């Protein structure tokens, strides 16, 4: 546990207090949601370990923990799409953080879209297998150019 | 695995296709972010299992899996703060869903606030231990009245 964080002592302290006492899961991770500071749009969902959260707080740039590469991940180090953190929020039970960010270039998703959430699931659909509908077809950048030969982080 | 979902066969299928092929983690869960459909504000972060995702799609109301109670959780069943899902999105690698919801009463957080994210972490703070700042002090409801003797879901 980081020396920068408080120990979790009571529900009241965690929910109603002003001490940062984040809860990391059994793998040492806390989920992190990034939204666009200007529009509020949800851009991505990732994870941080203690080091990533500390570096994000210290530098004001978003660090995550890459589960596919099993290492600290300075978002934008490869693509140039650095996330500047304008506000960093934590939730009621302090087991999730929310980053409100500005991104140089405006794109967050490694596939090339502005947001990672570019497809919609049909509701109240009785089909035998469920389909997705694209809500954004316009890529902000070409991932083949930006990432070149880096493998996709997507795991099957 | 649900019969409603496709198997995950390739990165291209998962990222660029129109087949719903969600990835559940080793505990059988997928993270779920709920935002306010009108304002876009992030309200909460939770988890769904297969059954919760299927019921959400089928009914258009948000179901989660409660890790603290280890059971399916129809959000609002106790508090009355049902989440009506207006849009359900999935991310690039299909390991996170995003619900855009309307809530009767407008509150989502079990502590009584509109959003679970009502505190801000100070950035570039060299303090020995880090503090939080409340960004919302106005509770929408009194949890003692709404939940009565139900224990807090917050785990230390």
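A short reminder: the numbers here are calculations on the coordinates, not readings from a lab. Treat the numbers as computed from the prediction; the structure is a model and nothing was measured. Note that we place each Cβ from the backbone using ideal geometry, even for glycine, and neighbour counts take in every protein chain shown.
If you fit an axis through the alpha-carbon atoms of helix B:50-59 and take the longest principal axis of the Cα set of chain B, what angle between them do you get, 0 to 90°, nearest 10? The helix B:50-59 is inclined about 90 degrees to chain B. With viscosity set to 1.306 mPa s and temperature to 10 °C, compute the Stokes-Einstein D of the protein assembly as shown, Rh being the Kirkwood radius across alpha carbon pairs; µm²/s, no decimals. Answer, rounded: 80 µm²/s.
Peptide A:17-24 has a mean of 4 when you count, residue by residue, the C-beta atoms of other protein chains within 10 Å of its C-beta. Per residue of A:80-93, other chain Cβ atoms within 10 Å of the residue Cβ number 5 on average. Centre-to-centre separation between the Cα atoms of the range B:104-156 and those of the range B:79-93: 20 Å. The overall shape of the range B:75-125, judged from the alpha-carbon gyration tensor, is oblate: a/c is not under 1.5, and a/b is no greater than b/c. Per-residue mean of foreign Cβ neighbours for B:132-139 is 2 (Cβ atoms of other chains, 10 Å radius). Computed from the C-beta positions of residue A:87 and residue B:126 and an R0 of 22 Å, the FRET efficiency is 0.70 to the nearest 0.05.
Taking label points 7 Å from Cα along the Cα-to-Cβ direction, residue A:78 and residue A:59 give a separation of 1.6 nm.
When peptides A:129-135, A:95-101 are ranked by their average number of other Cβ atoms within 10 Å per residue, the highest-first order is A:95-101, A:129-135. Ranked by the mean number of other Cβ atoms within 10 Å of their residues, highest first, the peptides A:139-152, B:56-69, A:14-27 come out as B:56-69, A:14-27, A:139-152. Across every direction, the projection of the convex hull enclosing the Cα atoms of the range B:1-147 has a mean area of 11.3 nm². Projected onto planes of every orientation and averaged, the convex hull of the alpha-carbon atoms in the range A:64-156 covers 8.6 nm².
All Cα-Cα distances of the range B:18-104, cut into 10 Å bins from zero to the largest, leave 18, 56, 25, 2 percent in each bin in turn. The stretch between residue B:134 and residue B:18 holds 37.6 nm of extra length on full extension. This uses 0.36 nm per residue minus the Cα-Cα distance.
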